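Structure first, commentary second.
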Amino acid sequence: MNFTKRTEYALKALIEIGTSEKDVPVKRETIANNQNISSQFLEQVLIPLTKSKIIKSVRGPGGGFILNKKAKDINTWQVFEAVESTTKLYENKSTDSDKDDSSTTQQIQSVWDSIDDNLKQTMSGISLADVIEQDSKKDKSEFSSLLSVYNPQNNGIFQIIDDDGKVINKEWSLTENNKGLVEAYKFMQYVRTADEMCMSYQRQGRLYTFPPNLGQEAISTAAGNVVQEDDWLVPAYREVAAWLLKGAKISDIFLLWGGNEEGYLFSGAKNILPVSVPIASQLLHATGIGFALNYQKKKNAVFVFVGDGGTSTGDFHEALNFASVWNVPVVFIIQNNQYAISVPVSKQTASKNLAIKSAAYGMPGIRVDGNDYLAMHKILTEARSRVTSGNGPVLIEAVTYRKGAHTTSDDPTLYRTDQEEETWAVKDPIKRLRTYLIRKKLWKAEDDKKMLEGYQKEIDAQFLEYEKSPEYKLDDVFDHMYAQAPEDLKNQKIEYQKYLNWARGTK
Ligand SMILES: Cc1ncc(C[n+]2csc(CCOP(=O)(O)OP(=O)(O)O)c2C)c(N)n1
Ligand SMILES: [Mg+2]
């Protein structure tokens with residue numbers, strides 16, 4: 001038995017007994033599963049642990065033993081030290097019988113002295129209970145079973161309701177109750193109303209730009225409802241519902257697309273990052289936050305968004321690679337809305353689908369119908385449960401369709417057909433959930449009108465309020481990038497000032 005194996009066996013044996021509530025000896029078979037029962041094991045592992053008072057009594061070779069203290073009070077350094085130093089003592093004794101005990105002890109002492117103090121401290125900080133917990137980690141979520149049915153290798157896609165809102169998949173338990181589904185429907189309608197109004201404000205020159213969420217509301221509403229207060233939300237730029245449900249205010253969204261960086265702060269929301277326009281850069285931040293959560297031993301998740309186009313970036317590869325290597329609690333959500341501006345997903349990748357990319361990184365991946373709120377809520381709930389139990393990251397490809405333009409600067413009629421838009425119109429996420437609720441008598445068709453009118457009034461009142469907020473300073477836009485602004489930037493600032501004077505009707 002070599003140096004590390006001895007400690008490993010000792011730890012395994014202690015873990016076994018540590019998981020038992022009662023003061024019973026570890027079973028003979030348990031030890032047998034870990035090593036060959038032998039007098040060597042008794043001498044090199046069990047007796048040293050008895051001498052160091054970690055074990056109270058040993059019942060014959062491999063016959064079991066009883067711990068002296070509770071497992072949580074024993075640290076791994078104590079086990080290491082007990083097993084290794086005492087074993088050395090035995091080995092030296094048998095090979096060099098002339099040496100007396102005191103010189104052997106001194107020799108051993110000098111070995112311990114040379115061991116790096118930092119290592120010793122780290123190992124002393126890890127209790128056996130931590131090791132036991134890590135050892136007993138299991139995926140208690142249904143994620144793995146879902147994965148075995150909807151394997152991206154077979155191009156499977158997880159759905160609960162069809163395009164007509166009928167349940168087509170009864171075998172999976174629902175994670176959202178009726179009340180939750182009605183609230184989700186209302187909220188998706190609220191977000192769509194805000195979305196349409198932002199497009200209109202931009203056309204009136206009251207916002208600078210806007211990337212519409214139209215058609216993708218189920219994904220971010222589900223994410224916003226699954227993300228917990230202490231979880232982290234790492235946005236791209238097309239998931240307004242999730243930001244609002246995390247605690248952002250609609251005024252933040254107006255500020256943001258009105259060009260005021262104050263909007264990026266999402267000041268009322270806990271554990272959220274700013275919107276990220278540099279494609280896929282946010283994925284690296286998510287992996288870093290996941291690493292920090294593990295380091296701090298926190299049991300929270302990170303939810304991060306990226307588009308189908310974002311999967312072609314180097315950042316996507318780097319973030320997913322290290323997320324898996326470091327076993328971080330991150331749920332990567334690809335909103336596959338079929339386009340990156342005008343580039344269709346067929347020109348984005350030669351892979352069978354986007355979820356399958358997870359295989360290369362050693363993490364599970366699954367395709368989900370992103371226009372099916374019930375399926376999205378289910379998969380994100382299971383994913384959260386899985387990652388927060390220490391099982392590493394997951395990749396979710398939410399298949400959807402960007403019904404609107406890329407942003408207010410884009411014209412999709414130049415690169416896609418009416419026929420394609422009509423095919424996707426029947427899959428609209430709000431329409432589907434609405435039909436489901438009406439069929440189940442949880443919603444009445446006639447209740448929409450009043451609700452939508454109320455939302456319009458509310459949003460407009462908030463927009464008028466936002467328009468009263470002080471304008472950002474021109475210096476904020478130009479003055480913080482360089483200590484000495486280059487000439488072209490100085491000229492841009494002058495030009496921009498002229499434009500603002502013209503726009504405001506002043507000279
Ligand atoms: C690093 C980087 N390169 C290019 C751009 C310009 N750009 C803005 S959005 C976009 C397309 C992104 O498509 P996708 O990832 O599918 O997200 P979607 O807009 O469809 O939600 C591009 C290329 C950018 N913002 N950042
Ligand atoms: Mg896209």
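Here, each number is a calculation from the coordinates, and none is a lab measurement. This is a predicted model, so every value here is computed, not measured. Cβ coordinates were reconstructed from backbone atoms using ideal geometry, including for glycine residues, and neighbour counts include every protein chain displayed.
Converting phi to 3J(HN,Hα) with the Karplus coefficients 6.51, -1.76 and 1.60 and the offset θ = phi - 60°, the stretch 175-192 yields 9, 10, 8, 4, 4, x, 5, 5, 4, 5, 4, 4, 5, 5, 5, 4, 5, 5 Hz in sequence order, with x at every glycine or proline.
Given the DSSP H assignment, sum -39500 (n - 2.57) over each helix run of at least 4 residues in the chain and divide by its residue total; what's the result at 222 nm in deg cm²/dmol, nearest 500?
For the chain, the value works out to -15000 deg cm²/dmol.
Think of the stretch 133-240 as a dipole: +1 on every Lys or Arg Cβ, -1 on every Asp or Glu Cβ, centred on the Cα centre; then among V240, N178, Q159, V240 lies furthest on the positive end.
For the chain, the relative contact order is 15 percent, taking Cα pairs closer than 8 Å that sit 6 or more residues apart in sequence and dividing their mean separation by the residue count.
If I model the stretch 143-466 as equal point scatterers sitting on the Cα atoms and use the Debye formula, what is log10 I(q)/I(0) at q = 0.10 Å⁻¹? So the normalised log intensities are -0.53. Distance from the Cα centroid of the stretch 182-222 to that of the stretch 65-82 is 58 Å (rounded to whole angstrom). Taking chymotrypsin sites (Phe, Trp or Tyr not before Pro) across the stretch 458-507, the ones in a DSSP loop with at most 11 further Cβ atoms lying within 10 angstrom of their Cβ are Y482.
Between rounded, prolate and oblate, where does the stretch 463-507 land on the alpha carbon gyration tensor, with a ≥ b ≥ c its root eigenvalues, rounded for a/c under 1.5, else prolate if a/b exceeds b/c? Mind showing how you got there, number by number?
Working: a/c = 4.18, a/b = 1.58, b/c = 2.64.
Verdict is oblate for the stretch 463-507.
Ignoring lysines fewer than eight residues from K444 along the same chain, the ones with Cα atoms less than 21 angstrom from its Cα are K166, K179, K186, K427, K431.
Shown in residue order for the stretch 348-354 are the 3J(HN,Hα) couplings computed by the Karplus curve 6.51 cos²θ - 1.76 cosθ + 1.60 at θ = phi - 60°: 9, 8, 9, 5, 4, 7, 8 Hz (x for Gly and Pro). Dividing the alpha-carbon radius of gyration of the stretch 338-430 by the rule-of-thumb value 2.2 N^0.38 Å gives 1.27.
Could you pull out every residue, at least 5 positions away or on a different chain, whose amide H is within less than 5 Å of the one on G365? Hs are placed 1.01 Å off N in the peptide plane, and Pro or chain starts have none. Answer set, sorted by chain and number: L395. For L474 and E446, a Förster radius of 41 Å and the Cβ-Cβ distance give a FRET efficiency of 0.25, rounded to the nearest 0.05.
Obtain the radius of gyration and the Kirkwood radius of the stretch 238-373 from its C-alpha atoms and give Rg over Rh. Write out the running numbers ahead of the final one.
Details: Rg = 15.6 Å, Rh = 16.0 Å.
Radius of gyration over Kirkwood radius for the stretch 238-373 works out to 0.97.
Here's how it looks for N151: its modeled amide H is under 5 Å from those of G156, which are all 5 or more places away or on a different chain.
Taking the DSSP beta bridges in the stretch 143-466 as the whole, what percent of them are antiparallel, to the nearest 5?
Working: 3 of 25 bridges.
If I count the DSSP bridges inside the stretch 143-466, around 10 percent turn out antiparallel.
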